[in-house]
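One structure, as structure tokens, below. Some questions next.
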Amino acid sequence: MQTIYKPKGKAREYSPLAANIYKGCDHGCLYCYVPGMFKQFNKNYNHSDVQIKPGFIEQLKKDCIKLKNKNQVLICFSGDPYCMANDEHRETRKSLLILLENEIPVRILTKGGMRCLQDIEIFKQFGKNISIGATLTFINESDSKKWEPGAALPEERMKTLKILHENNIKTWASLEPVIDTKQSLELMGKTIDFIDEYKIGKLNNYKDLDKKINWSIFLQSAIDIMEKNNKEYYIKYDLSKEAPYTEIKANHRNLDYYNLLWIK
């Protein structure tokens with residue numbers, strides 16, 4: 001079992017390396033692609049049943065020692081590092097301490113809200129070599145409860161990112177999926193003072209909802225907000241493809257331009 005791997009396809013747009021601490025997630029997001037992916041191999045797979053991976057921590061120690069190119073590792077893609085189950089198991093804390101000891105930069109993506117603050121003192125020890133992010137989808141709480149029933153509510157996610165920013169920890173936001181463009185643009189405006197970097201995508205192949213959205217207008221509006229506020233941002237390939245006539249500067253389509261690099 002290899003714990004650190006090189007993501008491919010759309011996942012590669014987030015990080016050169018990744019690690020999935022848990023199997024499963026208890027947030028129950030309607031748009032999540034992972035349950036369908038795993039059900040191809042096991043029709044009885046239950047994504048809401050979060051499982052500890054046997055031997056994960058010991059193997060992570062070995063993989064970190066062997067890792068020659070200490071590129072950024074993202075946690076997690078197939079589950080949330082601060083899902084509700086982590087409150088009991090604390091596998092994320094154990095993993096972070098191993099990555100810290102081996103001087104490996106980390107990017108975290110979570111919809112767990114305040115749960116991640118249990119490890120804020122560990123985040124601080126990484127210095128410039130950690131970035132904590134949240135998926136931001138809605139302003140409206142009722143929409144969030146419908147689409148992401150187990151995740152932290154939007155206000156909690158934003159409050160958490162603000163606390164992290166106030167503690168000099170780099171923050172980022174994943175604007176993907178974009179289900180309601182108006183809410184996504186409003187989220188950018190509400191968080192612009194305490195988010196350091198944005199990754200902006202779209203909704204893909206979900207019950208044809210994506211086909212009803214004018215992605216060119218959304219993309220240009222998002223770029224205008226980013227440029228006006230001098231923000232770091234990355235435009236995902238699927239969004240740029242839907243708006244071929246929108247000008248995007250090269251750095252904002254460069255996979256690794258904003259990835260953290262270890263400072264020796």
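Rule-based calculations on the coordinates, nothing more; no lab input. Quick caveat, the model's predicted, so the values are computed rather than measured. Note that each Cβ is placed from the backbone with ideal geometry, even for glycine, and that neighbours are counted across all protein chains shown.
Among rounded, prolate and oblate, which fits the stretch 1-109 when a ≥ b ≥ c are the square roots of the eigenvalues of its C-alpha gyration tensor, a/c under 1.5 means rounded, and a/b larger than b/c means prolate?
Taking the square roots of the gyration eigenvalues as a ≥ b ≥ c, the stretch 1-109 is prolate.
With the contact rule set at Cα under 8 Å and sequence spacing of 6 or more, what percent relative contact order holds for the chain?
Worked out over the chain, it gives 18 percent.
Right, next: Where a Cα-Cα gap under 12 Å defines reach, which aspartates and glutamates qualify for Lys231, not counting those fewer than 8 residues away within the same chain?
Excluding near neighbours in sequence, the set is Asp193, Asp196, Glu197.
Right, another one. Once you list every other residue whose beta carbon is under 12 Å from the beta carbon of Ser144, what net charge do they have if Lys and Arg are +1 and Asp and Glu are -1?
Around Ser144, the surrounding residues sum to -2.
Counting Lys and Arg as +1 and Asp and Glu as -1, each charge on the Cβ, what is the dipole of the stretch 130-238 about the Cα centre in debye, to the nearest 20?
Numbers: 16 positive and 18 negative charges, 36 e Å.
The dipole magnitude comes to about 180 debye.
Using Cα positions and a limit of under 26 Å, work out the lysines in reach of Lys43, with same-chain residues fewer than 8 apart set aside.
Qualifying lysines at Cα under 26 Å: Lys8, Lys10, Lys23, Lys53, Lys146, Lys207.
Below 15 angstrom from the Cβ of Thr171, what's the summed charge of the other residues (Lys, Arg +1; Asp, Glu -1)?
+4
From the phi angles alone, apply the Karplus equation (6.51, -1.76, 1.60; θ = phi - 60°) to the stretch 105-118 and give each ³J(HN,Hα) in whole Hz, x where the residue is Gly or Pro.
x, 10, 10, 10, 10, 8, 10, x, x, 4, 4, 5, 5, 4
Which of the cysteines in the chain are isolated, no other cysteine C-beta under 4.7 Å?
Those would be Cys25, Cys64, Cys76, Cys83, Cys116, since no other cysteine Cβ in the chain comes under 4.7 Å of theirs.
What's the Cα-based Rg to Rh of the stretch 179-247, Rh via Kirkwood?
That ratio is 0.95, to two decimals.
For the chain, build the charge dipole from Cβ charges (+1 Lys, Arg; -1 Asp, Glu) around the Cα centre, then report which of Phe138, Phe126, Ile195 sits farthest towards its positive end.
The Cα lying farthest towards the positive end belongs to Phe126.
In Å³ and rounded to a whole number, note down the convex hull volume per residue for the Cα atoms of the stretch 131-264.
Expressed per residue, the convex hull around the Cα atoms of the stretch 131-264 is 118 Å³.
In addition: With only Lys, Arg, Asp and Glu charged, each at its Cβ (+1 for the first two, -1 for the last two), find how big the charge dipole of the chain is about the Cα centre; round to the nearest 20 debye.
On the way: 41 positive and 34 negative charges, 170 e Å.
In total the dipole reaches around 820 debye.
Something else about it: Pairs Lys6/Lys94; Lys66/Lys249; Lys62/Lys241; Lys68/Lys190: which are spaced more than 31 Å apart, C-alpha to C-alpha?
On the way: Lys6/Lys94 21 Å; Lys66/Lys249 36 Å; Lys62/Lys241 40 Å; Lys68/Lys190 40 Å.
In this structure, Lys66/Lys249; Lys62/Lys241; Lys68/Lys190 exceed 31 Å between Cα atoms.
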